[in-house]
Every structure is written in structure tokens, then in C-alpha cells.
Amino acid sequence: MAAQVLGRALLPAKSFLEQVGEMMILTARTVAAAVRPPFPYGEELVGQFLFVLKLSWFPMTVSTFALCFGAPGLQAAGVLDLFGALDRLGGFFVVTAVRFIGPIVTAAVVAGVAGTAITADLGARKIREELDALQVLGVDPIKNLVVPRFIALMVITGLLDVFAIVFGLTAGMAATLLYDAPLGGFFATLFTNALTTDVWGSVLMCSLFGAIIAIVCCYKGMTASGGPAGVGRAVNQAVVIIFMANFAFLYTFTAVLLATNPELQTIR
Amino acid sequence: MIGWFDVPRSWLDSAGEIGRFATHVIGLVFSGRVLRFFGESLRQAGILVLGSALIVWAFVFILGLQCGLIGAYFSRSIGAPSNAGLFSAYCDLREGLPYAFGYILSAKVGTGIVAELGAMRISDEIDALEVMGIQPITFLAATRLLGAWIAIPFLYLVGIGLGYFASYLAVVEQVGDVSSGGYLLIFWTFQDFVDVIFSLTKSMVMATTIVLVGCYFGYTASGGPVGVGTATARSMAVNIVLVNIIGMLGTLVFYGSHPRAPIGG
């Protein structure tokens, strides 16, 4: 009796752990399928790359500009202006826009725009039983569907992160100009404080976000089931898992990066 | 395949329809017609709390940790480690928490509403409601909006507390450049009650938008189970951009002309 009650209480935790385990297995199988010849996924890879890029470029641009203009731009510029040190805004943007906001907004937008579309697409194929038909035909769905999406998302989140940083810095320039300050000070402190470590850390982190997005979206899409709400619910669960996983990973990665690279904390 | 400008064009297309739907639903709430289904509103508020509260709070907690971490290392890098409280006060209350709240709400609540209402639409349950003489838009959309307005302020205020606690953990316990009292002194100096009201306003506007966009995409879903999935994906894309824009406009309106910092005369 007690064991039954305990079992029912722990059911959510058990299903959560099972899903995490299945995602890990999917990751391992995806990586193995990606490196083992033959490589039939070239065309699909290009198609997915363009698909994600066409969906994401506009939301990404608008979101990064808006977030960087509001949060680190106006808010920090207001305080720095009280000290008469508005030229320090550039150095502040290295900490926020490059290390933090660029990757997280890119990941949120790619997950929300392209990841959800991938889950809906794969979920539609699952409930139309196209995935089963592929397997009957002897085509491996992991090699032909998951691997191209995995590689495309990893590459494109890293590349979009660079553009997110560019638009974030544009927002910083807009905030500086709003306070009638010259841009020279902004760029001077920006380039004094920005290190190569900052940029590669940001891009690497963002590529790993892309890997998380691809695995979760493909897993949730390929296991969609359960009547008319099935695909919609799969999309819902996928974005929630991605957001939680990405932020937890962001915290771990930032803590490790900042603690192991003391040159990021020196005064310039 | 889709074209390069399809996303902005489709948003422009649907912006007017979303606006009309949203004003209609808000009108139903303010005219009091939703009160006929007040029990359903309370049920929706309960579903919101029971289904989403833990995830929202966990997400806000992680953002608080992140704000504290960045603030601690940033204030060390400008040579003022004891001022980490300034950064985390601004990062938590003024900017970070509304954004984090908007993101997780659009992921959990917004897409959840689309999946639920979309399934009702394609299995003709909404038409059945109409046949039974119940106005579906009032019963489904307006009650969800009222439920969100009832539950979300409390969810958010608890979230603020959790975010503060997480920042404290990251700055004082994890990095440890500043003592507990020194951190809290600066932290509480750089915020007041009005900031909480501003932050709450931002997050309430975000929550209203997310619920309305979710209701619109769910209510107008078509094309079988696949259509529900597509509508869910599209609502998430719209919401994530709207959250960022609302956050920017909120900062511009509340802090654009006056930084509200206790510095100088």
C-alpha cells in the first residue's frame, strides 16, 4: 500500500528521468550517425539551414535590439550618466550584451521560432505515420532527419549569435546617442574590455544551446502522440524543456567560464 | 519553402486580426459579461497556479542566480566588489525578472492555451458550445484572461522573492566578495516600492499579451492535428518578440527620462 502511494507520488519524477535518459540516448545515436559514413543528409542539411535562417533572422534582429536597448542600454546609461561616466557603457555592454544577452536571446528566438516549427513538422510526420513508413523503406530517421537538423541548428545558432552581438551593440550606440553623448567613449571602453575569450565563449555557448534545442525538439516531435492536441502539446513541452535546460546550462557555463578565466575580471 | 520576408509579412497580416480579437476579449472582461462564468475563471486561475507555478518559479530562480553571478564578477572587474547589490537590484527587479517571467509564461502558458483551444476547435467543440447557446469567446478566451489577471500578480510577487534569494546565494555564498550585510545594504538602497509597481506593470502587460495571443491562435486554428502544432509554433514566435518589445517600451516609459537612482542631489 505504502509502496503504491509512494510510486504514484514519484511518477512525475520517474517520467522526467526517463525522458532525460531517452534524450541522452538520442544525442549519442545522433552523434554516432553523424560521423559514421555514408552521409546522405547533405541536401536536407542545406534545406534546414536556410529554413531556420529565413524563420529566425527577423525576430532575432528585433528582439536583440529591443532587449539591449532597454535593459543594459537605457537602464545602465541612466545610472552612468548620474556619475558622468557615460563612456563606460561600452565596457558594460561587453559584460551584458556579449557574454549574456546575445546567446540567450538567440537561443530563445531560435527555440521559439525555428525549434517549435521543427517539432510541429516532425510531430506531423509522426502522427501521419510517415516516420514508420520511412523505417519500413529502410531509411534511418535519425540519420536522415535528426542529424541534419542537429548540425544545422548548432552551426546557425553560433553564427546568429555574432549578429545578435552586432545588433546588441547597435542598441548600445542608440542609447548613447539618446543621451547626446559622443560614440568615441563607447567604442574606446568597448574595445578595451572585450577579449577574444568573451567572443568565443559566447559563440561556443550559443552553439551548445543549438544542440540542446535540436535534440529536445526532435525528441518531442518524434514521440508526439495522443489525439488532436498531441502535436500542440509536444510543442508546448518542447519549449518549456528547452528554456529550463538552456538557462540551467547558461548558469553553469557562465560560472565555469568566469571562474576559470581570471583575465575576464581584471580592471581595465 | 518559405521566402526571406514571409515572417514579417505574415505578422503584418495577422496584426490587425490579433488586435481586433484582443480588444473584443478585453471588452468582454471589462463589460462584466465574463462574470457569468466566474466559476470557470477561478478554475482557470487554479489551473494556472497548479500547472505552471513551479516551473515559473524555478525559471525565475535560475535567472536570479545568473544576475547575481554576472553582477558579482562585473563589480569585481570595475574594482568595486562591494557594490554587487546595485547590479543585482537592477538586473533582478527592473529588467531580468519581467523578461524571464514573460519568456517562461509564453513557453508554458501561451503555447499550452493554443494546444488546448486548438484541439477544441478542430474537434468542433467550439461550434458545439455555440449550438448550446454559450458564447464561446466569452467562455474560453475571456475567462482565461480574467483567470490570468487573478493569479499572475501573486505568482510574480513570489517570483520576485525567489529571484532575490537566488541572487543573494550567488553573490554572497558562491562568489563571496562581499559580506551579507554589505550586500543587502546596497541591494535595498537601490530599489523602492515604486520599482516593484513598475516591474509588476511590465509583467502584467506581458502576461495579458501572451494569454490573448495564445487564445487568438488557438481559437482560429484549422487543418487537423497538424494545424494545431503549426498554430502553437506560430504563437510562440509572435510571443517571444512581443515580450522583448514590451520590456523595451516599459523601460523607455518608466526609466527613460529619470533613472530613479539614489545618487547625487
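The values are calculated or read from the model by the stated rules, or taken from the named source; none is laboratory data. These numbers come from a predicted model, not from an experiment. Quick reminder, even Gly has a Cβ in these numbers, built from the backbone with ideal geometry, and neighbours come from all protein chains shown.
Some points to look at:
- Matching residues in segment A:15-44 - criterion: being of a type in the set (Val, Ile, Thr) and surrounded by 10 or more Cβ atoms within 10 Å (Cβ to Cβ): A:Val20, A:Ile25, A:Thr27, A:Thr30, A:Val31
- Residues that are under 18 Å from the mean Cα position of the chain (by Cα) and either at the interface with another protein chain (Cβ under 9 Å from one of its Cβ atoms) or on the phi > 0 side of the Ramachandran plot (or both) within segment A:219-236 comprise A:Gly221, A:Val235, A:Asn236, listed in sequence order.
- Residue count for segment B:191-248 satisfying the condition of being of a type in the set (D, E, K, R), assigned to a loop (DSSP other than H, G, I, E, B) and touching a helix residue (DSSP H, G or I) at 6+ places or on another chain (Cβ under 8 Å): 0.
- The lone exception for B:Ala221 - which of (1) more than 7 Å from chain A (Cβ to nearest Cβ); (2) under 20 Å from the mean Cα position of the chain (by Cα); (3) touching a residue at least 12 places away in the same chain (Cβ under 8 Å) it fails: (2)
- Tabulated pairs, segment A:68-86, first over 14 Å from A:Asp180 (Cα atoms), second of a type in the set (Ser, Thr, Tyr) and surrounded by 20 or more Cβ atoms within 10 Å (Cβ to Cβ), C-beta under 7 angstrom, 6+ apart or interchain: A:Gly70/B:Thr251; A:Ala71/B:Thr251; A:Pro72/A:Thr96; A:Gln75/B:Tyr90; A:Gln75/B:Thr251; A:Gln75/B:Tyr255
- Just one of the listed residues (A:Phe58, A:Phe92) is modelled with pLDDT of 90 or more, in contact with a Pro (Cβ under 8 Å, 6 or more places away or on another chain) and in a helix (DSSP H, G or I), and it is A:Phe58.
- Selection count, segment A:171-210, where residues are touching a helix residue (DSSP H, G or I) at 6+ places or on another chain (Cβ under 9 Å) and either crowded, with 16+ Cβ neighbours inside 10 Å or of a type in the set (Phe, Trp, Tyr) (or both): 27
- Selected residue (only one of A:Ile142, A:Ile101, A:Ile127, A:Ile118 is modelled with pLDDT under 95 and within 30 Å of A:Asn261 (Cβ to Cβ)): A:Ile101
- Taking (1) at pLDDT 90 or above; (2) at the interface with chain A (Cβ under 10 Å from one of its Cβ atoms); (3) crowded, with 16+ Cβ neighbours inside 10 Å in turn, B:Gln174 satisfies each apart from (3).
- Residues in segment B:188-223 that are in contact with a Phe, Trp or Tyr (Cβ under 9 Å, 6 or more places away or on another chain), more than 12 Å from B:Ile18 (Cα to Cα) and buried (at least 24 other Cβ atoms within 10 Å of the Cβ): 5 in all.
- When the test is whether a residue is buried (at least 24 other Cβ atoms within 10 Å of the Cβ) and within 12 Å of another protein chain (Cβ to nearest Cβ), A:Val256 does not pass it.
- Unique match (being within 13 Å of B:Leu145 (Cβ to Cβ), without any contact (Cβ under 8 Å) to a residue 40 or more places away in the chain and away from chain A (no Cβ under 13 Å)) among B:Gly27, B:Gly19: B:Gly27
- Hey, A:Phe93 surrounded by fewer than 21 Cβ atoms within 10 Å (Cβ to Cβ) and among the aromatic types (Phe, Trp, Tyr) or not: no
- Residues of segment B:224-239 satisfying the condition of being out of contact with any Pro (no Cβ under 7 Å at 6 or more places or on another chain) and either crowded, with 22+ Cβ neighbours inside 10 Å or at the interface with chain A (Cβ under 7 Å from one of its Cβ atoms) (or both): B:Val226, B:Gly229, B:Thr230, B:Ala231, B:Thr232, B:Ala233, B:Arg234, B:Ser235, B:Met236, B:Val238, B:Asn239
- Note on segment A:118-146: among residues that are among the small types (Gly, Ala, Ser) and assigned to a helix (DSSP H, G or I), the one that is surrounded by the most Cβ atoms within 10 Å (Cβ to Cβ) is A:Gly123.
- Qualifying residue in segment B:42-55 (condition: over 19 Å from A:Phe247 (Cα atoms), hydroxyl-bearing (Ser, Thr, Tyr) and surrounded by fewer than 24 Cβ atoms within 10 Å (Cβ to Cβ)): no
- Only one entry of B:Thr138, B:Thr111 meets the criterion of being of a type in the set (S, T, N, Q), more than 15 Å from the chain's Cα centre (by Cα) and assigned to a helix (DSSP H, G or I), and that entry is B:Thr138.
- Set A:Thr27, A:Thr64: member being at the interface with chain B (Cβ under 9 Å from one of its Cβ atoms) and under 19 Å from the mean Cα position of the chain (by Cα): A:Thr64
- Yes/no for B:Ala119 being touching a residue at least 60 places away in the same chain (Cβ under 8 Å), within 13 Å of chain A (Cβ to nearest Cβ), surrounded by fewer than 24 Cβ atoms within 10 Å (Cβ to Cβ) and not polar (S, T, N, Q): yes
- Within segment B:69-104, being surrounded by 24 or more Cβ atoms within 10 Å (Cβ to Cβ), more than 10 Å from chain A (Cβ to nearest Cβ), under 23 Å from B:Tyr156 (Cβ atoms) and in contact with a Phe, Trp or Tyr (Cβ under 7 Å, 6 or more places away or on another chain) holds for B:Gly85, B:Ser88, B:Asp92, B:Phe101.
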